[in-house]
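Here, each number is a calculation from the coordinates, and none is a lab measurement. No experiment lies behind these values; they were computed from the predicted model shown. Here the Cβ positions follow ideal geometry from the backbone for every residue, glycine too, while neighbour counts run over all protein chains shown.
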Amino acid sequence: MIGSIALALTFTASLTAIVLYTLAARGRVELTIAARRSTQLAILGMFVACGTLLFYIFNYHFEINYVYEHASRKLSKFLLFSTFYASQEGSFMLWGLWTSLIALFLIRYARRQRYEAHVMAIFLTVLVFISLMLILKSPFETIYAANPGQAMKGMVPIDGKGLNPSLENLWIVIHPPMLFLGFSLLAVPFAFALAGLIKRDYQGWVLTSMPWTLGAAMVLGFGVMLGGFWAYETLGWGGFWAWDPVENASLLPWLVTVAASHTMLTQKRTGGLIKTNIALTLLAYALVLYGSFLTRSGVLGDASVHSFADPGYLAFSMLVCALGFFILVPFGIFFWRWREMSGFGQDYKILSRETGLSIASAIIGASALVVFIGTSAPLVQKKVDIGFYNNLHIPIVIVLLLVNGLSLLLKWRQSNWNDLVRKSIVALVATLVFTTVVVLLGVHDPRFVAICGAAFFSLFVNLEIGWKILHGHWGVSFDRTPPSSRDYGRRVWTALSITLLLAILSLVIGSAGDYNLFGPAIAQNWPYFAILFAFLLAAFVIAGYPKFIFDTKFLGAYVAHAGLAVFAIGVIAANGYTKHDIIRLPLNKPTPAFDGKYTLTWHGIDHKDTVNEHTYWIVGIADKSGYIGTARPFTFMTDFNQHQEPIRNPGIVKYAARDLYFTLDAAETEGGAPLDTLGKQQEATVLDGKLKIKFINFDFPQSEKIKMMSQQPFHVKATVVASTDIHPAGDTLILGVTRSTVSEAVKQDDILVPNTSFHIQLGQLMPDMQHPANSRVVLRYFDDQHLPPPATEVITVEAFVKPYINLVWAGILTLVLGFGFAVVRRRREALVAIERAERSYAKLIASGHAPMSPDAPLVEGLPRTPNLLTKKKYTGGA
Amino acid sequence: MKRKHIIALAVAVGFIGIAAFALVDNKIDYSDFQKAQADGRRSQVSGTYDKDKGSQYDIKSNTFSFFMKDRQGHEMPVKYAGIRPNNFEVAPSVVCVGKVEGGVFEATDIQTKCPSRYEGSGKMNMDGATPAGQS
């Protein structure tokens, strides 16, 4: 109830705010305060709605259909949190939550940038769309409304259905929130671009929007990477990226945003490329909605591993409307203003940084085009092979990396060839050396050699420039003044944060996101971290408190590019040179794998995880030097597929230079006494027809049930009739077995069929509580005189060696870090620029040349940076 | 039009040409067994796994084989170069990409649909339900 009211509040309040802001933008400035209040009300509504849903989830309110469908009492608190966005309604809630949170900060920022009315009016349309979607397809619907006729009014199910098992992973707690934060952030540059278009501030918006564009690229890039990491760690096919339409849908807006961030840099310098930047920024957001349309409308159907439902006619039309609205309206205005935006910009020579940036942008655009075509193919009942993406991206990546290296060596406006050659010598020599090394290491495919060469060139150019920038601007000094009591607190705090950060990082990486291993890992390793903490603390007290100097201001681009180059090398190594093997491992028998390079031993299974009922298959790994690690792929049964077959998760052992990746394929028993499963009154003829066994009934007395409940060993019995040719009437035999719920230990009574050499044992009981007549038993039998070969258990594992896969993750994290540095720099620039513009505006007002309007459409026309000299004078504005 | 525009245009046209070529080369049609057999092209066929005929995995050749019935009701043996996909037994539908060679669908990629609850299995488990307000 509260939830639905809160959603309705968000919808009405954001709609009201849009109206008020629009009026404010058209001159009714006094309405700004009311618009702001209304926005805050809309944000509050969204917060309350999300809080309500979380409350329902964490308190197991299974009368709410969404909670019933996705939550379950079995899930840990971590995973319970991720049920919040497990499905459509919830992911819209997450999207709305981030959008609201951003709105809160955006009001202040846009107000500071004199953009509040326009930007907020546009930005809030997103919230209107999301809240309307949530009202139409509410996460607060009760089971009684959702399942009429099935759910008894007023009754609450005892448990929910739980999460899709492939989502039961730590990364799924971080990946979707990051992705949706990225999507939500992209609405900000979209709003600034459209506002700039409406206000005719074709230059100012670029500067204002820059930190948000970069921030969105950073967060979305990180989110996409986490998705790849999740796929690698859970899906078990050994890769991290399959060009699946769902992956592509989040990659597309990222590519376009990255392209935009390059051309925006050019516009900041030259004042040109106005149309390009607005178009790219509007397009990036349109692609967010296009992606969400593809993944939620059910059109992908067979094209993707991800399951999607038909969301219903209403939701589908809503998605189509939103998509149409966010494409037609902005681009309509864009073409309306087309002529006004032409002809700006300083000229620059072909051999200049500006050209380099434009080419980079065009290449990233080409990549986006390829991804767009492939992803859209299912719309016309087609699909493209992975080869389509891979083959086209080989030239794209080579040219991109080369242009990156070259353009950074070029000066703005104009450069000359001699200069370029002189500057590139160091990088070229290093590239030659490293590429030769790579070829000697075994990379012979010319395409891969070319990518590695281009990547090394880009890497060394960026490292060289980065080093020059940083030279003399980094270091560490120690504050040795005797600490005051407050300083002690700070030192303890710093030592503790460093220790905790390292501990968490090593915990998460070491256990490959499997939170079930957290407990044992902490228990095993805490002394090391205690020692680290003590060491840091002692160092801070004895050597002094360290002060790090590391000026990252101008490093963003170089760090990001270096990350991209490292990523490219990692992809070539890990994907181009993966080794694959399928090995049968008999229990406890060392078996060679990968042509004898490794020796694998399956040591058995481990049922320790009783909460999630995971079964770990322990595989010891040795190489020539001896034991090097243990892989623990695991399987579990789940309600999700009605306990029909186990879900398999890979086990990954990480080293600095490679990962060993294992997926369990099959487990079977070879040899041993045969087994038979019998229902009541069912008879089996076994041992070449010499023995007939009929199962009559089993006996599980109350006293033994009590023992089972209290986790003691318990004894169960089954009655069978065994008949032979000698004694066709048969003997009634009582078979017994002692089992325990806490261990694997099984003790079977060995029963000899009288006057024969035949033995029968009771293997297992399979009682059916609801229909006792359907209960079954598993029996084992053998002939003393013809003993079967001893039973061996064998597993089949699929194994991969992934060389240098860590470069893939390290590269992307470095790329993300670079974007982070750039965000900090551009945010400062935007704030400084507005202050400068305001000062000159104040002068203008003082001299009586400008109209008085707090939400000035007037910053336009004022040069915001000294660089911004345009060929054409502005026509609009003051 | 400046020289740099002409160069840019030429490169763009060239790239689009290559992309179009690659697209035709890598295109996979949504199809069924009959059509796939007739045209011999790489295609995507979806259908259901015929449980009665079972499935085998051969470790020596690393092939997983089974029988699949397509949406038109035609059945064909499928050979997949790899291990049994996750959820294979319970998947309500199986999607194979590959081509027909000698009466066998040689699949290079198999996707199994999860028995998705998003589609609403429709059945509710109200066993042990308690009156509201007691949870």
*Ignoring the sites themselves, what is the longest stretch of chain B with no trypsin sites (Lys or Arg not before Pro) in a DSSP loop and at most 15 other beta-carbon atoms within 10 Å?*
B:72-122
_With angles folded into 0 to 90 degrees, how steeply does helix A:417-440 sit against the dominant principal axis of chain A? Use alpha carbons for both and round to 10._
10
*Quote the Stokes-Einstein diffusion coefficient, in whole µm² s⁻¹, for the range A:579-661, based on the Kirkwood radius over alpha carbon pairs, a temperature of 25 °C and a viscosity of 0.890 mPa s.*
176
*When the Karplus curve 6.51 cos²θ - 1.76 cosθ + 1.60 is applied with θ = phi - 60°, which whole-Hz ³J(HN,Hα) does each residue of the range B:82-88 get, with x for Gly and Pro?*
x, 7, 4, x, 4, 6, 4
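Given a cut-off of under 8 Å on Cα pairs at least six residues apart, what relative contact order in percent is computed for the range A:409-469?
Working: 29 pairs, mean separation 22.8, N = 61.
The value is 37 percent.
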*Among the chymotrypsin sites (Phe, Trp or Tyr not before Pro) in the range A:154-242, which ones are in a DSSP loop with at most 11 other Cβ atoms within 10 Å of the Cβ? Mind listing them?*
none
*When the Cα centres of the range A:332-403 and the range B:1-41 are compared, how far apart do they sit, in Å?*
16
_Cleavage-rule hits, chymotrypsin sites (Phe, Trp or Tyr not before Pro), the range A:18-63, DSSP coil, Cβ neighbours within 10 Å at most 16_ = none
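Would you please give the FRET efficiency between A:PHE331 and B:GLU89, computed as 1/(1 + (r/R0)^6) with r the Cβ-Cβ distance and R0 = 51 Å, to the nearest 0.05? Mind showing how you got there, number by number?
Values: r = 49 Å, r/R0 = 0.95.
Efficiency for this residue pair is about 0.55.
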*How far is helix A:805-846 tilted, in degrees, relative to the longest principal axis of the Cα atoms in chain A, given as a value from 0 to 90 rounded to the nearest 10?*
30
_What does the extension gain come out to for A:VAL429 and A:HIS603, with contour length at 0.36 nm per residue minus their alpha carbon separation?_
57.6 nm
*Please list the non-local residues whose amide H lies under 5 Å from the amide H of A:TYR655, H modeled 1.01 Å from N, same-chain partners needing a gap of 5 or more.*
A:LEU660
*Set the Förster radius R0 to 22 Å, insert the Cβ-Cβ distance between A:PHE548 and A:SER484 as r into 1/(1 + (r/R0)^6), and round the FRET efficiency to 0.05.*
0.55
*Return the FRET efficiency for the residue pair A:ILE628, A:ASN418: r is the Cβ-Cβ distance, R0 is 45 Å, and the value is rounded to the nearest 0.05.*
0.25
*Quick one: which residues, 5 or more positions from A:GLY604 or on another chain, have an amide H under 5 Å from its amide H? H modelled 1.01 Å from N in the peptide plane, none for Pro or chain starts.*
A:ASN588, A:ILE618
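Please compute, for peptide B:19-30, the average count of beta-carbon atoms on other protein chains lying within 10 Å of each residue's beta-carbon. Before the final figure, lay out each step's value.
Details: counts 8, 1, 2, 11, 8, 1, 5, 12, 7, 7, 3, 9.
Taking the mean over all residues of the peptide, I get 6.
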*Tail fraction, Cα-Cα pairs, chain B, threshold 20 Å, whole percent*: 60
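Using Cα pairs closer than 8 Å and at least 6 residues apart in sequence, work out the relative contact order for chain A, in percent. Spell out each step's value before the answer.
Values: 1546 pairs, mean separation 109.1, N = 878.
Normalised by residue count, the contact order of chain A is 12 percent.
Provide the gained length on full extension for the span A:ARG839 to A:ALA666, in nm with one decimal, where the gain is 0.36 nm per separating residue minus the Cα-Cα distance.
55.0 nm
Please compute the average number of Cβ atoms from other chains found within 10 Å of each residue's Cβ in peptide A:359-365. Display every interim value, and only then the final one.
Values: counts 2, 0, 0, 4, 2, 0, 1.
Average per residue, whole number: 1.
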*Across the protein assembly as shown, how large is the tail of the calculated P(r) beyond 39 Å, expressed as a percent of all Cα pairs?*
55
*Quickly estimate the mean residue ellipticity at 222 nm for chain A, helices only: each DSSP H run with n ≥ 4 gives -39500 (n - 2.57), and the total goes over all residues, rounded to 500.*
-18500 deg cm²/dmol
*Rounded to the nearest 10 degrees, what's the angle between the helix A:556-576 long axis and the longest principal axis of chain A, both from Cα atoms, 0 to 90?*
30
*Sort A:TYR616, A:TYR348, A:TYR655, A:TYR661 so the one with the fewest other Cβ atoms within 10 Å of its own Cβ comes first.*
A:TYR655, A:TYR348, A:TYR616, A:TYR661
*Hey, can you grab everything whose amide H is under 5 Å from the amide H of B:TYR30? Only 5+ residues off in sequence or another chain; H modelled, so Pro and N-termini drop out.*
A:LYS383, B:GLN44
*For the range B:96-111, what does the Karplus curve 6.51 cos²θ - 1.76 cosθ + 1.60, with θ = phi - 60°, yield as ³J(HN,Hα) per residue in whole Hz, taken in order and with x for Gly and Pro?*
10, 10, x, 9, 7, 9, x, x, 10, 7, 8, 8, 9, 8, 10, 10
*What distance in nm separates the simple spin-label points at A:ILE734 and A:LYS705, each placed 7 Å from Cα in the Cβ direction?*
1.9
*In whole Å, what are the Cα extents of the range A:675-788 along the three principal axes, biggest one first?*
44, 29, 19
